[in-house]
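Have a look at the structure below before the remarks.
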Amino acid sequence: MSLPSPEIPLPVVDHAGAAARFVADEARTDWHDEALWHVRQKRDASSAVVPEWEELRELASKIKDHTLSRLDTYLIQFETSASANGIHVHWARDAEEHNQLVYSILDRHQARHLVKSKSMLTEECHLNPYLEERGIKVIDTDLGERIVQLAGKPPSHIVLPAIHVKKEEIGQLFHQNLGTAADESDPQRLTEAARQHLRGKFLEAEAALTGVNFAIASTGGIVVCTNEGNADLGVHLAPVHIASMGIEKILPEPHHLAVFLRLLARSATGQSITVYTSHFHRPRSGQEMHIVLVDNGRSKHLGRKHFRDALKCIRCGACINTCPVYRRSGGYSYGSTIPGPIGSILTPGVDLKKYSTLPFASTLCGSCGDVCPVKIDIPKQLYRWRQTVMDEGGTTLTKRLAITLIGNVMGRPRLYRLAGRTIRWLLRRLPQRIVYARGNIWGRTRDLPDAPRESFLDWFKKAS
Amino acid sequence: MEVGLFVPCYIDQFYPTVARATLKLLRRLGCTVHVPLNQACCGQPAANAGMAIASTAAERTFYKAFADMEIIVAPSASCVCHVRDHYSKANDMAARTMELCEFLVDVLRVNHLDAHYPYRVGLHEGCHGLRGLRLGASTELHVPAFNKVRQLLSMVGDLQLVTLERADECCGFGGTFAVSEAALSVKMGRDRLRDHQNSGAQVITSTDMSCLMHLWGLANRHGLPLEVRHVAEILNSTKP
């Protein structure tokens with residue numbers, strides 16, 4: 001489920017190293033932090049005006065609980081309803097099958113140009129490089145996605161793919177690729193240049209691919225939420241519409257949308273609703289419509305009792321925006337398609353060793369859980385993934401032994417008091433250059449507290 | 001009322017004055033305080049590092065030390081949060097263990113304190129107290145406003161609570177995170193300190209000395225004019 005960032009060497013994602021490189025540019029880190037904090041504040045304001053906000057979250061969580069508990073039934077119901085509407089429904093076990101299916105549809109129509117609207121699933125499946133190797137020109141039409149595509153990078157955020165790029169850098173990128181003036185950095189003009197550039201791409205595309213925000217089992221319809229109208233423009237112009245969806249996107253009935261649509265945009269960007277909320281039920285006359293239902297590890301995740309809740313995620317990105325770690329380390333530091341807190345509880349399920357550091361890339365502050373519109377207890381899952389990582393060998397034997405030793409000393413009264421006394425004695429007696437030697441990671445940047453002669457318990461024993 | 005006092009390991013070893021303030025405060029409020037000498041660490045460090053299995057000795061010790069106490073009070077939200085969330089449900093330690101402010105507000109129903117602290121104070125909301133124990137409403141939730149720590153601080157004479165730009169952002173301590181993600185931890189801490197400084201705080205207080213240890217370590221290294229005081233020390237302060 002990952003597109004490794006160029007800076008991150010395999011096999012294990014070094015979040016701490018990447019974060020250290022990110023914060024080394026403090027001004028840029030502050031800018032990134034402020035940009036995302038601004039989105040969080042917009043979320044706070046737009047959700048605060050909904051008096052039943054907390055009830056909506058509870059409802060959404062329960063609807064997802066119910067749906068995930070009967071996922072097989074609803075998926076089959078969806079297939080039946082969609083097929084009856086004239087939509088071709090396909091099932092893909094994994095990314096490879098998904099990519100093959102999409103390619104075979106395009107190939108059958110001799111499509112050489114594909115326009116895509118926002119889809120994190122196709123990022124997860126690495127669809128773009130797969131198709132490009134087979135001679136198909138893929139254009140991401142969401143502005144942010146187009147920017148990162150031109151830069152040859154994956155999105156750094158699931159809703160705001162280019163949030164890490166400054167407008168001056170976009171100006172340079174557009175100057176090189178779209179022929180805008182060399183020093184252009186006015187957002188309005190740059191966006192206009194992208195619009196004009198994309199118009200041509202929409203017109204020449206023989207197929208359009210969209211993601212899916214929600215799929216309704218009873219009607220066989222899908223809902224796509226965008227702000228730019230790019231999904232609609234692509235679908236309405238092209239003779240073929242392919243929609244790729246993860247199997248967890250199912251909702252039983254259309255009225256459930258009344259809960260989720262109110263939560264999604266407010267949580268994501270602080271809008272009351274996305275500019276476009278498009279419902280697709282059947283192909284228009286003369287058009288062919290395909291829906292690819294993708295598993296790619298989801299049913300396996302569904303079987304993990306403690307971690308199942310992560311599949312409730314509606315990809316709003318609120319946990320990412322609020323995360324004090326993400327805001328100061330950037331999306332690429334996670335080395336996974338989905339970054340931030342939700343990525344840290346999804347990706348270890350895909351490759352425990354590679355993503356073993358991600359559950360630890362958190363202070364367990366809990367903001368992610370409180371902001372989540374479907375009430376996924378993310379901090380609890382992070383804690384549990386930590387246990388799983390350590391249990392299943394996602395660490396060194398030395399580290400395991402060290403923690404076992406410390407845990408056992410600290411948990412036994414006599415040993416604990418002896419250790420405490422010894423450490424305090426050493427801290428008082430040893431010269432500063434030894435106390436603050438290189439191995440003292442805390443001490444490199446922070447002073448250590450004074451070591452008192454007497455612990456509280458020692459004092460209390462004497463006093464009483 | 002009889003209570004057991006649990007003293008978190010780093011407070012016992014490095015901040016005995018915080019534990020003494022807690023003890024005195026509880027006594028001043030009419031409690032008979034038992035301090036079992038056979039207590040040790042709660043086990044949170046190993047558990048948060050992913051090895052709950054290495055903290056079973058700590059859990060056993062805690063249970064043994066406090067088995068016959070009806071209520072156990074601790075001047076640390078983080079340790080209480082660990083006991084409540086992660087200790088075996090086989091015994092009722094979780095239900096009986098309370099953070100100091102929570103105990104003062106919910107059990108003792110304190111509505112008056114003879115405390116006096118004439119400084120501008122910034123409240124650092126420890127995440128485990130705020131979102132773990134729900135000592136107050138976090139800014140993410142849309143629930144009626146309440147905050148047990150603020151409620152108590154408002155009873156302290158001449159104390160002026162400053163308004164922070166980000167009311168409940170994490171300081172970046174995070175236990176082992178402070179070392180395993182040191183660069184990020186430090187950046188987060190420095191951002192918090194800047195917020196407190198800009199808000200005119202002279203003293204930062206919190207329910208968790210661990211957050212304050214991190215913030216003080218940074219402030220002192222950089223020579224910032226900021227002091228830290230555990231909330232127990234402020235609630236126990238008297239007019240000179």
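If the segment from A:ARG189 to A:GLU52 were pulled out straight at 0.36 nm per residue, it would be longer than the present Cα-Cα gap by 45.3 nm. The mean count of C-beta atoms from other chains within 10 Å of the C-beta of residues in B:133-144, rounded to a whole number, is 4.
Label-to-label distance, A:ALA45 versus A:ARG134, with points set 7 angstrom from Cα along the beta-carbon direction: 4.6 nm. Rounded to the nearest 20 debye, the dipole size of the range B:82-162 about its Cα centre is 120 debye, using +1 on the Cβ of Lys and Arg and -1 on the Cβ of Asp and Glu. Most tightly packed first, judged by the mean number of other beta-carbon atoms within 10 Å of their residues, the peptides B:176-183, A:282-289 read B:176-183, A:282-289. Counts of other chain beta carbons within 10 angstrom of each beta carbon in peptide B:171-181 average 5.
With Rg and the Kirkwood Rh both taken from Cα atoms, where does Rg over Rh land for the range B:140-219?
Values: Rg = 13.7 Å, Rh = 13.8 Å.
On the Cα set of the range B:140-219, Rg over Rh gives 0.99.
Extending 7 Å from Cα along the Cβ direction at B:LYS239 and again at B:GLU2 yields two label points whose distance is 3.6 nm. Listed cross-link partners A:LYS354/B:LYS64; A:LYS42/A:LYS137; A:LYS116/A:LYS312; B:LYS64/B:LYS148; A:LYS153/A:LYS353 are compared with a 32 Å cut-off, the Cα-Cα value being larger for A:LYS354/B:LYS64; A:LYS42/A:LYS137.
Using only the Cα atoms, work out Rg/Rh for the protein assembly as shown, with Rh taken as the Kirkwood radius, to two decimals. Mind dumping the intermediate values first?
Details: Rg = 27.4 Å, Rh = 27.2 Å.
Expressed as Rg/Rh, it is 1.01.
Report the percentage of all Cα-Cα pairs in chain B whose separation exceeds 24 Å, rounded to a whole percent. Value for chain B (Cα pairs over 24 Å): 43 percent. Sticking with the crude label model, points 7 Å out along Cα→Cβ, report the distance from A:LYS300 to A:ARG284 in nm, one decimal please. For the pair A:LYS300/A:ARG284, the computed spacing is 4.1 nm. Remark: mean inter-chain Cβ contacts per residue of A:355-362 equal 3, using a 10 Å Cβ-Cβ cutoff to other protein chain atoms.
Of A:ILE216, A:HIS113, A:ILE314, which is farthest along the charge dipole of chain A in the positive direction, counting Lys and Arg as +1 and Asp and Glu as -1 at C-beta? Checking the options against the dipole of chain A, the answer is A:ILE314. Its Cα centre serving as origin, the range A:230-310 has a Cβ charge dipole (Lys and Arg +1, Asp and Glu -1) of approximately 300 debye. Radius of gyration over Kirkwood radius for the range A:54-113, both on Cα atoms: the Rg/Rh ratio is 1.16.
Here the residues A:ARG146, A:ARG112, ranked from fewest to most Cβ neighbours within 10 Å of their Cβ, fall in the order A:ARG112, A:ARG146. Shown for B:TYR87, A:TYR416: other C-beta atoms within 10 Å of each C-beta, ranked fewest to most, produce the order B:TYR87, A:TYR416. Each of B:PHE103, A:PHE78 was scored by other Cβ atoms within 10 Å of its Cβ. Listed from fewest to most, they are B:PHE103, A:PHE78.
Let me check I've understood the local charge: for B:CYS101, count other residues with C-beta under 12 angstrom from its C-beta, Lys and Arg +1, Asp and Glu -1. What total comes out? Intermediate results must be reported in sequence, preceding the final value.
Values: positive: B:ARG134, B:LYS148, B:ARG150; negative: B:GLU99, B:GLU102, B:ASP106, B:GLU125, B:ASP208.
Computed value for this residue: -2.
Using +1 on the beta carbon of Lys and Arg, -1 on that of Asp and Glu, and nothing else charged, what's the dipole of chain A about the Cα centre, debye to 20? Walk me through the intermediate numbers first.
On the way: 60 positive and 50 negative charges, 504 e Å.
Result for chain A is approximately 2420 debye, rounded to the nearest 20.
Sorted on the mean count of surrounding Cβ atoms within 10 Å across their residues, most packed first, peptides A:42-53, B:43-54 read B:43-54, A:42-53.
Which of the helices in chain A meet the span-like rule: DSSP H, Cα axial reach of 18 Å or more, Kyte-Doolittle mean at least 0.0? Walk me through the numbers before you get to the answer.
Details: long enough: A:26-48 (32 Å, -1.47); A:53-69 (24 Å, -0.88); A:71-84 (20 Å, 0.26); A:95-108 (20 Å, -0.66); A:187-204 (26 Å, -1.08); A:378-391 (19 Å, -0.96); A:397-410 (20 Å, 1.04); A:413-429 (24 Å, -0.61).
Helices passing the filter in chain A: A:71-84, A:397-410.
Volume per residue for the range B:1-131 equals 124 cubic angstrom (convex hull of Cα atoms).
Sort A:385-398, B:162-175 by packing, meaning the average of other beta carbons within 10 Å per residue, with the highest value first. Don't skip to the end; give the middle numbers.
Details: A:385-398: 17.2, B:162-175: 20.9.
Taking the mean over residues of other Cβ atoms within 10 Å, the ranking is B:162-175, A:385-398.
Note on B:ARG134 and A:LEU178: with the Förster distance fixed at 51 Å, the Cβ-Cβ geometry gives a FRET efficiency of about 0.50.
Looking at the protein assembly as shown alone, DSSP beta bridges between its own residues are antiparallel in about 15 percent of cases.
We did not get these values from a lab; they are worked out from the coordinates using the rules stated. Treat the numbers as computed from the prediction; the structure is a model and nothing was measured. Cβ atoms come from the backbone with ideal geometry, glycine included; neighbour counts cover every protein chain shown.
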